[in-house]
């Protein structure tokens, strides 16, 4: 690839379903290129990658989807520039996802000159129908996750609150120290990110800077914001074990959730997640302070197994700027 050139960023998804015991995926046909491929497209200005992925799938297939585990992306040269494509597994949104969909703007369908066919294929047939051999790599991982019963997951999103007013510049208490304007923009940017993963439960430390970080999403989705004293810095200093128990409860709850807390609480949160994660995932979790930067999230994909909930994939993401 051309060195020193900023890569074009694109995102999409492998939308999957199971019919009569067979894994199927959706492919799109582009008449301009005469190819079969995954629904995907370039990021628009101000978009984060997961927002682009759900928007592009909606545009090209007419399907509203919720993203699942990340899949291998692709890098190649396009029109003389390096291009990076990010992929996720995805399912068509169902009734539990109505809150997440309420937080998304409407998406117009692509014209037939761009996409003229959308078809479901059995996974093995899709592997042969794909025009580019490299597109089979994310499909291989999807099929293997299905074989291991790890494709059906729920999201547990751990958020660090956005940028807050510095302690030295705040005359009030830690309870009500607010976000800065930059932090408020981060909170707004979390709305499409949390929507992409179907978040239907919003839990936060009751301190203002955490509540303010996830309230824009709760409002956009029409969800109650549940606050917890156990997720504050003071409660963690008093009893990390109680925080760990709270996180274990959140890990076990059904449905897609977000929990917003503080940097000093994150080591305990991450210890709980690592203790219930596959070895490769546990080894890849953040280990160095500050663990997450202000406004960043750790998206954990949790599968139910014979030994209970297991984190089978995780990814650090940031809201759009």
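The values are calculated or read from the model by the stated rules, or taken from the named source; none is laboratory data. Predicted, not measured: the structure shown is a model, and the values here were computed from it. Here the Cβ positions follow ideal geometry from the backbone for every residue, glycine too, while neighbour counts run over all protein chains shown.
General observations
- Test: residue in region 101-112 that is crowded, with 16+ Cβ neighbours inside 10 Å and farther than 30 Å from residue 269 by Cα: yes
- Residue 313 in contact with a strand residue (DSSP E or B) (Cβ under 8 Å, 6 or more places away or on another chain), buried (at least 22 other Cβ atoms within 10 Å of the Cβ) and not in a strand (DSSP E or B): no
- Counted residues, region 136-149 - those being surrounded by fewer than 16 Cβ atoms within 10 Å (Cβ to Cβ), out of contact with any helix residue (DSSP H, G or I) (no Cβ under 9 Å at 6 or more places or on another chain) and either closer than 21 Å to residue 77 by Cα or free of Cβ contacts under 8 Å to residues at least 60 places away in the same chain (or both): 4
- Scope region 266-296; condition surrounded by 17 or more Cβ atoms within 10 Å (Cβ to Cβ), within 21 Å of residue 189 (Cα to Cα) and touching a helix residue (DSSP H, G or I) at 6+ places or on another chain (Cβ under 7 Å); matching residues: 291, 292, 294, 295
- Residue match in region 215-225 (condition: under 30 Å from residue 106 (Cβ atoms), in contact with a strand residue (DSSP E or B) (Cβ under 6 Å, 6 or more places away or on another chain), in a loop (DSSP other than H, G, I, E, B) and modelled with pLDDT of 95 or more): yes
- Single unsatisfied condition, residue 46 versus (1) without any contact (Cβ under 8 Å) to a residue 60 or more places away in the chain; (2) surrounded by fewer than 17 Cβ atoms within 10 Å (Cβ to Cβ); (3) under 20 Å from residue 297 (Cα atoms): (1)
- Every residue from region 236-265 that is without any contact (Cβ under 8 Å) to a residue 40 or more places away in the chain, over 16 Å from residue 201 (Cα atoms) and buried (at least 19 other Cβ atoms within 10 Å of the Cβ): 236, 243
- Only residues that are free of Cβ contacts under 8 Å to residues at least 40 places away in the same chain and in contact with a helix residue (DSSP H, G or I) (Cβ under 7 Å, 6 or more places away or on another chain) were counted across region 120-135, and they come to 1.
- Residue 191 being assigned to a helix (DSSP H, G or I), surrounded by fewer than 24 Cβ atoms within 10 Å (Cβ to Cβ) and either at pLDDT 95 or above or not assigned by TED's automatic domain parsing to the domain that holds residue 161 (or both): yes
- When restricted to residues that are in contact with a helix residue (DSSP H, G or I) (Cβ under 6 Å, 6 or more places away or on another chain) and more than 19 Å from residue 320 (Cα to Cα), region 64-92 contains 6.
- Elements of type strands (runs of 3 or more DSSP E) contained in region 62-175, each with 1 or more residues being more than 29 Å from residue 255 (Cα to Cα) and in contact with a strand residue (DSSP E or B) (Cβ under 7 Å, 6 or more places away or on another chain): 65-78, 81-92, 117-122
- Qualifying residue in region 97-107 (condition: in the same structural domain as residue 55 (by TED's automatic domain parsing), under 24 Å from the mean Cα position of the chain (by Cα) and closer than 20 Å to residue 31 by Cβ): no
- With respect to the conditions (1) farther than 30 Å from residue 106 by Cβ; (2) out of contact with any strand residue (DSSP E or B) (no Cβ under 9 Å at 6 or more places or on another chain); (3) touching a residue at least 12 places away in the same chain (Cβ under 8 Å), residue 279 lacks only one, and its number is (3).
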